[in-house]
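The values are calculated or read from the model by the stated rules, or taken from the named source; none is laboratory data. A quick note: this is a predicted structure, and the numbers were derived from the prediction, not measured. Every residue, glycine among them, receives a Cβ derived from its backbone with ideal geometry; neighbour counts consider all protein chains shown.
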Amino acid sequence: MAARFNRVALTGAGLAAVLTAGAIAVAEGGSAQTPAGVRLTVADPYIPMPAGDAMAAGYLTVRNTGSTADTLVRVSSPGAGSITMHRSTDTSMEEVDSMAVPAHGTLQLARGGAHLMIMGWQKQPAVGDQLELDLTFAKGGTIAVQVPVKPLTYRPGS
């Protein structure tokens, strides 16, 4: 009986360690491997300082080095009332319910294209502040990312 208890306890402890390691990787914005073959990382996130207090745009890159495509299905934040996903064309901007992240590919959210609209700030942001965004994927789970507020004129790589 004791041998059976020890095996169950060790199995449970091993499972807890694996789940904890996975949660830490996701919480730190690291990559997370899922059984479905999705491997996601988030890079270069930023929010240009909003011109007013009503809303701001958010930009970032999601990389999928896995062999299975995924879909960004929700974005939320404890520091904002709501966040919606948008695609821009030459003449308009439209809200979308999800954004595809191809296998071995990227989802680029950048000025003039796909982006996030952040509304209902809990406090007026300032340059240097950070906003936590929780990106939820259909297969890859949720990744928490700390996104810095940059000057309105900020351009990555410049």
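When region 23-51 is filtered for residues that are modelled with pLDDT under 50 and not in a loop (DSSP other than H, G, I, E, B), the ones remaining, listed by number, are Ala23, Ile24, Ala25, Val26, Ala27.
When you go through Ile83, Ile143 one by one, which is the residue that is farther than 19 Å from Pro48 by Cα, surrounded by 14 or more Cβ atoms within 10 Å (Cβ to Cβ) and under 13 Å from the mean Cα position of the chain (by Cα)?
Answer to the selection: Ile143.
Looking at region 76-105, which of its residues are assigned to a strand (DSSP E or B), of a type in the set (Ser, Thr, Tyr) and modelled with pLDDT of 95 or more? Listed by number, the residues that qualify are Ser76, Ser82, Thr84.
Can we say Met99 is within 12 Å of Gly58 (Cα to Cα) and surrounded by 12 or more Cβ atoms within 10 Å (Cβ to Cβ)? In short, no. Within region 127-140, the set of residues being buried (at least 16 other Cβ atoms within 10 Å of the Cβ) and either among the β-branched types (Val, Ile, Thr) or part of a strand (DSSP E or B) (or both) comprises Leu131, Leu133, Leu135, Phe137. Within region 106-120, the set of residues being in a loop (DSSP other than H, G, I, E, B) and not charged (D, E, K, R) comprises Ala110, Gly112, Gly113, Ala114. On inspection, Ala54 passes the criterion of being surrounded by fewer than 17 Cβ atoms within 10 Å (Cβ to Cβ), touching a strand residue (DSSP E or B) at 6+ places or on another chain (Cβ under 8 Å) and small (Gly, Ala, Ser). All conditions but one from (1) more than 22 Å from Val38 (Cβ to Cβ); (2) under 16 Å from the mean Cα position of the chain (by Cα); (3) not in a loop (DSSP other than H, G, I, E, B) apply to Thr71; the one that does not is (1).
Using the structure shown, decide if Val145 is in contact with a Pro (Cβ under 6 Å, 6 or more places away or on another chain) and in a strand (DSSP E or B).
yes
The set of residues from region 76-93 being over 17 Å from Gly113 (Cα atoms) and in contact (Cβ under 8 Å) with a residue 40 or more places away in the chain comprises Ser76, Ser77, Pro78, Gly79, Ala80, Gly81.
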